[in-house]
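Here's the structure, in structure tokens; my notes come after.
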Amino acid sequence: MITLPIFPLLFVDILGSALVLLLSWAAFINSRKLLARDPENALWLFLYWLTLAFLAFGLSRALGHIIGHILVFAGHGALWGQMRPYSGGAALQRRFECHPVHRHRLGHPLFP
């Protein structure tokens, strides 16, 4: 049986989580600047709240992926075992907060 190193998988997982966090933070900062420039614009207000939800999802995803690997590597697997259900639940909740917006826009039958 051939065994492959797990390092590339962990590297891509951590890098992807960090990129999600970085890009959601950048989008939130830009939407906040746009909203400050024109507070009465409904599009900028929508974009602000959408990017805030993406930022919350990015934070919970980073907690679940980056912090989890760090705790396991540091020998605190038991602590991560206690935190794991909450980080995954937070990520799932953020995903469903953002998702109905896109379903409604695409005309999904659940959201007429």
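Nothing in this text is a laboratory measurement; each read-out follows from the coordinates by a stated rule. Keep in mind it's a predicted model, so treat the numbers as computed, not measured. Cβ: placed from backbone, ideal geometry, glycine included. Neighbour counts: every protein chain shown.
The table for this structure:
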item	result
HIS69-ALA42 FRET efficiency (beta carbon distance; Förster radius 30 Å; 0.05 resolution)	0.15
Rounded FRET efficiency, nearest 0.05, which uses the C-beta distance separating TRP49 from LEU15 and R0 of 22 Å	0.20
